[in-house]
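Since the structure comes first, as structure tokens, the remarks are kept for the end.
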Amino acid sequence: MELFGAIVTLAGSILLFLGALGILRMPDVYNRMQAGTKATTLGSILFLAGISIGHYECGCFGKMVIIILFVIFTNPISSNTLARAAHFAGIKLTSRSVKDDLADDDLEKKGEEK
Amino acid sequence: MIFALILGFLLLIIGIYGMLTQKNLIKIIIGFSIVDTGTHIIIVSIGYIRGKTAPIIDSGVDLKNAVNAVVDPIPSALVLTAIVIGLAVTALMLSFVIKLYQKNKSLSIDDYQELKW
Amino acid sequence: MISIIITVLGVVMILAAFLAIRTKNLLAAIISAGVISLLASVIYLMLAAPDVAMTEAAIGSGLTTIIFIFTLKKIRKGDLND
Amino acid sequence: MADLIYNIAAIIALAGIVLSFVRLILGPTAADRAVALDGMTIIAISLIVFIAYYSNRVIYLDVAIVYGLISFVGIVAVARYLERGI
């Protein structure tokens, strides 16, 4: 049981590392946000679950569940707000991207108002 | 813990260097905040004893020899007060910056020479 | 293990302090000050002071960043009006 | 055996903090730096939970709870500042 928890923790930490590598290597802000939010959310969930599985006698399941719920609730909020702010602050997409849905929505909305 | 002590002194030196060499008012306040953090780390690391744990009695600490198992709780209590007062001092300095900017439209400290004589 | 973590985080904190002092961009300096508070909270936890770590996480990393950004917003708004 | 794997996991997470910090130094715009701060926050929560396991104290987990609640407020403030309205 303890070894299983340790392996889950190792998988979580590798996901955290890959998320940080994505933050370093991706070409523009939106791709970095994708890597830095999704991978690190799953990685931290696996890290916390692995420690609470490996030490099931410590009686810390409740607190671990609360921490995981907070991570699940707050991480998409900050990511969404940041992506929207970056779009409205005028940061360009990278040259290899093919579609920008939020800009298309803005154009349609302005057309309807006129 | 010698590493934390060295870290605290380095942060204090960097903060004082920033406060003395920068011209921007907000940069000076950021240097003050770094000095604050450095002194807090120094005080907490003085109270740490290697191999002992936090002074909170629960299932992790045996009640019979709790005196021999915990670190000194006084420095952490002092630092707890100092953090809150540091926030208040920072907020006061930032409000002064806002009032000075509304008066003179400048953030550089070279433009404020009323107290030189 | 504790010594390794303190050494790596300490090097990162000192580099962040240099970045906060030397950069020209005010927003980058404020974010670097936030990073210093964030890592200081982990170091307090390793020095066996969880109450100080909790207070630093709430006040140093959250509230100080917010009041710095509020000041920056006030200053820029005055710029736009005049 | 299990303790060794836990220590290796913590060192890999530390390497993640260092990589995110490199992006915070390089980052051309402010949004890049805010993204790097977000990643560092999540990895720091994991590191706090590891320290609670390593010191064998349950009370250290409360710090992680407070951190998970408070930490996103600073990033939201930076984002609202970038969007020109707080």
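What to note about this one:
- By the helix-only formula, in which each DSSP H run with n ≥ 4 contributes -39500 (n - 2.57) and the sum is divided by residues, chain A has a 222 nm mean residue ellipticity of -25500 deg cm²/dmol.
- Whether the protein assembly as shown is rounded, prolate or oblate, judged on the alpha carbon gyration tensor where a/c under 1.5 counts as rounded: oblate
- Element breakdown for the protein assembly as shown at a 1.4 angstrom probe: carbon and sulfur atoms account for 66% of the accessible area.
- Taking a ≥ b ≥ c as the square roots of the Cα gyration tensor eigenvalues, chain C comes out oblate, since a/c reaches at least 1.5 and a/b does not exceed b/c.
- Chains D and A together bury some 4000 Å² of accessible area, summed over both sides, with a 1.4 Å probe.
- Average beta-carbon neighbours from other chains, 10 Å sphere, peptide B:60-72: 1
- Subset of B:K23/C:K24; B:K23/B:K116; B:K99/C:K24 violating a 20 Å alpha-carbon distance limit: B:K99/C:K24
- Summed over both chains, the accessible area lost when C and B associate is about 3700 Å², using a 1.4 Å probe.
- The range A:60-76 - phi-based ³J(HN,Hα) in whole Hz, Karplus 6.51/-1.76/1.60, Gly and Pro as x: 10, 5, x, 5, 4, 5, 5, 5, 5, 5, 5, 4, 5, 6, 8, 5, x
- When peptides B:26-34, B:94-102, A:59-67 are sorted by average Cβ neighbour count within 10 Å, with the highest value leading, the order is B:26-34, A:59-67, B:94-102.
- Karplus-derived 3J(HN,Hα), 6.51/-1.76/1.60, for each residue of the range D:47-59, Hz, glycine and proline x: 5, 5, 5, 5, 5, 4, 5, 5, 7, 6, 10, 6, 5
- Full-extension gain in nm, C:T23 to C:V8, via 0.36 nm per residue minus C-alpha separation: 3.2 nm
- Area hidden from solvent between D and C (accessible, protein heavy atoms only, 1.4 Å, total, Å²): 3300
- Cα-based reach from A:K63 at 30 Å (exclusive), listing lysines while leaving out same-chain residues under 8 positions away: A:K38, B:K52, B:K64
- Neighbouring Cβ atoms from other chains, within 10 Å of the Cβ of residues in A:37-45, number 4 on average.
- Per-residue packing, averaged as other Cβ atoms within 10 Å, sorts the ranges A:39-46, C:38-45, B:6-13 into the order C:38-45, A:39-46, B:6-13, beginning with the highest.
- Relative contact order for the range B:2-111, counting Cα pairs under 8 Å that sit 6 or more residues apart, in percent: 29
- Note on B:Y112/B:A88: beta-carbon distance plugged into 1/(1 + (r/R0)^6) with R0 of 25 Å gives a FRET efficiency of 0.60.
- Global dimensions of chain D from alpha-carbon coordinates: Rg and Dmax equal 15.4, 53 Å.
- Surface per residue (accessible, 1.4 Å probe) for the protein assembly as shown, Å²: 46
- Listed residues A:A103, A:A83, A:A20, most fluctuating in chain A (Gaussian network, C-alpha, under 10 Å): A:A103
- The range D:22-32 - phi-based ³J(HN,Hα) in whole Hz, Karplus 6.51/-1.76/1.60, Gly and Pro as x: 4, 5, 5, 6, 6, x, x, 10, 6, 5, 4
- Computed over chain C: relative contact order in percent, which uses C-alpha pairs under 8 Å that are six or more apart: 25
The values are calculated or read from the model by the stated rules, or taken from the named source; none is laboratory data. It should be emphasised that the depicted structure is a prediction, and the values quoted were computed from it without experimental measurement. Positions of Cβ are generated from backbone atoms using ideal geometry, with glycine treated the same way; all protein chains shown enter the neighbour counts. Remember, those area values only see protein heavy atoms, side chains included, never the ligands or the DNA or RNA. Shrake-Rupley method; radii C 1.70, N 1.55, O 1.52, S 1.80 Å.
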